[in-house]
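The values are calculated or read from the model by the stated rules, or taken from the named source; none is laboratory data. These numbers come from a predicted model, not from an experiment. With ideal geometry, Cβ positions are generated from the backbone for all residues, glycine too; neighbour counts draw on all protein chains shown. Just the protein is used for accessible areas: all its heavy atoms, side chains included, with ligands, DNA and RNA removed. Shrake-Rupley method; radii C 1.70, N 1.55, O 1.52, S 1.80 Å.
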Amino acid sequence: MRVLLVEDDLQIGQSLLHALKDAHYSVDWVRDGAAGWRAICAAEYTVVLLDLGLPKMGGFELLRQARMAGNEVPVLILTARDDLDARVQGLDIGADDYLLKPFQVPELLARIRAVLRRKAGHAVSCLGTEAVNLDLDKRTLTCNGVTEVLSAREFALMHAFLERPGTILSREQLEDKLYGWGREVESNAVDVLIHSVRKKFGTSVIRNVRGLGWTVTASETAKG
């Protein structure tokens, strides 16, 4: 899953970058609001971690512009500003959650999971359907009665599909969701991941749509 980190503090940014990568997220890190706005316009992110006190464009303005442009990416504000007015303003503008600095990484990761399951309309940390179900906490996929722990890339792949079961995703869309900036992506990387998941759960878990891409259907039940 791809995360945008908008944080100008070098020490905090580096610490979060390493922590998120250790948690198997692909991370793009920018250090000012203008760069954050360009990144949001240019790529599709699973979640945005947004500081407020940013140079060039403040966090509130960045969030306001994103929402006015119709961008619904989940935004988690990370800030040392603990006054009530700032929290209320951020949530009213369109933030999905608000975490005060300093914080512990496990809480940040739990809040990211909570934001993602709320966006998907789930009360528990799962995505998908009864037939194909992804557990966000355990990083397991259950399909056709089989439950397996997924690798980081397999997990990101199935998360992309199960955010909206039935949606067709092209190779380019999957690469954009799975890999951050500066990553050399081999031409067959997506094919290798899909083959790996199919090997565990059957060929029908991810279906080819000729000329368009791949999909995981809401009604998938048969093991291929």
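At a glance:
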{"item": "Filtered residues of the range 65-87 (kept if modelled with pLDDT of 90 or more and out of contact with any helix residue (DSSP H, G or I) (no Cβ under 9 Å at 6 or more places or on another chain))", "result": "Met68, Gly70"}
{"item": "Single residue of the range 58-88 satisfying the filter (over 17 Å from the mean Cα position of the chain (by Cα) and within 15 Å of Asp9 (Cα to Cα)) that is surrounded by the most Cβ atoms within 10 Å (Cβ to Cβ)", "result": "Gly59"}
{"item": "Residue within the range 127-147 that is under 16 Å from the mean Cα position of the chain (by Cα), closer than 19 Å to Asp28 by Cβ and touching a residue at least 40 places away in the same chain (Cβ under 8 Å) present", "result": "no"}
{"item": "Selected residue [free of Cβ contacts under 8 Å to residues at least 60 places away in the same chain and within 26 Å of Leu178 (Cβ to Cβ)] from Ile40, Ile93", "result": "Ile40"}
{"item": "Residue check for Lys101: over 17 Å from Met1 (Cβ atoms), in contact (Cβ under 8 Å) with a residue 12 or more places away in the chain and open to solvent by less than 70 Å² (accessible area, probe 1.4 Å)", "result": "yes"}
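Okay, residues lined up against (1) surrounded by fewer than 20 Cβ atoms within 10 Å (Cβ to Cβ); (2) over 18 Å from Ile194 (Cβ atoms); (3) polar (S, T, N, Q):
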| site | (1), (2), (3) |
| --- | --- |
| Ile112 | no, yes, no |
| Val115 | yes, yes, no |
| Gly128 | no, no, no |
| Val132 | no, no, no |
| Asp135 | yes, yes, no |
| Ser151 | yes, no, yes |
| Ala156 | no, no, no |
| His159 | no, no, no |
